[in-house]
Amino acid sequence: MDSWDEIRTAYHVARAGTVSGAAQELGVHHATVIRHIDALETRMGTKLFQRHARGYTPTEAGADLLRVAQATDDQFAQLAGRIKGQGDTVTGDLVVTSLASFSHVMTPVLVRFQRKHPEVTVRYLTGSRLFRLEYGEAHVAIRAGSPPDQPDNVVQKFSTERIALYGSEDYIAVNGMPMGEGDLGTHRFVSYDEPHTRAPYHQWLKDNIPSEQVTFRVADDRSLQQAILAGAGLGFMTERMADSHKGLVKVLPSRPEWASPLWLVTHVDLHRTAKVQTFLKFLKAEMAIEAGE
């Protein structure tokens, strides 16, 4: 069928029994109702109503069509009720995205949240791709760096990741422990293969370490961490991540200019739903406990 509007109009005519009654229910002009009925009958090739002084009465063909229309209208009403209800419950999919380097923090938090809300299905998406909240690709995004400025997003400061320079115990045993920046000239480094990354610690590395000393280059945070742990060279890592691994030595302490702020980002259309609000409160509480607040 080409037009649900015409069928819906016919359904309301049958319910009201008159063109004027249907027009009032639908909030349209009575001429629109007549036009819809005439177009539908032409398309169907049969009369759907008998016209008389008291109004419109469905024909046999019209009654068949209207039974289907009523069932469809009821299903739409039920669907609308279910969709509306989903905004008031903590059920269904919860889609959260962050950089993979933050997964060691987020994964246990998401597991604990799901234990409290077992009707939630967690979808945790990591990677460097920017998931589009306005297209419904995620409910909550945790993003690093400058505050996100996409329109229609609600942005909240989440935390700050302190970043320091590390090397593995094995690497230090072979190459020695630098006593400061002046001792870094003979050391090998691990960094990103992407030359245009805007991370401030990466810029410090470019400004202070000759490129030929960066002998192991990777494409993502997880590979960077694994390379440092395996002894490929010195490299930058968040203190939170480094604390979760044994066998790492802090070569240079964190500096304010290397820090990476984290932001909680939600779309304005979903921000106030029960599921998103419940998760945001839970996440903030978990992070406060971890920070000892």
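The values are calculated or read from the model by the stated rules, or taken from the named source; none is laboratory data. Keep in mind it's a predicted model, so treat the numbers as computed, not measured. Please note: Cβ atoms are built from the backbone with ideal geometry, for glycine as well, and neighbour counts cover all protein chains shown. Surface accessibility is based on the protein's heavy atoms, side chains included, excluding ligands, DNA and RNA. Shrake-Rupley method; radii C 1.70, N 1.55, O 1.52, S 1.80 Å.
Suppose we keep only residues that are open to solvent by 10 Å² or more (accessible area, probe 1.4 Å) and in a strand (DSSP E or B) within region 219-251. Which one would you say is nearest to Glu194 (Cα to Cα)?
Phe236
As an exercise: evaluate Glu161 against (1) open to solvent by less than 90 Å² (accessible area, probe 1.4 Å); (2) more than 14 Å from Leu99 (Cβ to Cβ) and give the number of the one condition it does not meet.
(2)
Any chance you could count how many residues in region 60-76 are over 15 Å from Arg8 (Cβ atoms) and either outside the structural domain of Gln24 (by the TED database) or surrounded by 15 or more Cβ atoms within 10 Å (Cβ to Cβ) (or both)?
1
Is there any pair linking a residue in region 197-211 that is part of a helix (DSSP H, G or I) to one that is polar (S, T, N, Q), with Cβ under 8 Å and at least six apart or on different chains, and which?
Pro200/Ser260; His202/Ser191; Leu205/Ser191
Please state which one of Leu262, Leu280 is open to solvent by less than 20 Å² (accessible area, probe 1.4 Å), closer than 21 Å to Pro147 by Cβ, not β-branched (Val, Ile, Thr) and not in a helix (DSSP H, G or I).
Details: Leu280 fails: not in a helix (DSSP H, G or I).
The match here is Leu262.
What is the residue count in region 185-196 for residues that are part of a strand (DSSP E or B) and either open to solvent by 70 Å² or more (accessible area, probe 1.4 Å) or not hydroxyl-bearing (Ser, Thr, Tyr) (or both)? First the steps, then the outcome.
Taking region 185-196 and keeping what is part of a strand (DSSP E or B), we get 189-192.
Imposing the further condition that a residue be either open to solvent by 70 Å² or more (accessible area, probe 1.4 Å) or not hydroxyl-bearing (Ser, Thr, Tyr) (or both) reduces the set to 189-190.
Within region 185-196, residues that are part of a strand (DSSP E or B) and either open to solvent by 70 Å² or more (accessible area, probe 1.4 Å) or not hydroxyl-bearing (Ser, Thr, Tyr) (or both) number 2.
Quick check on this structure: which one of Asp269, Asp207 is open to solvent by 60 Å² or more (accessible area, probe 1.4 Å) and in the same structural domain as Arg143 (by the TED database)?
Values: Asp207 fails: in the same structural domain as Arg143 (by the TED database).
Matching residue, one of Asp269, Asp207: Asp269.
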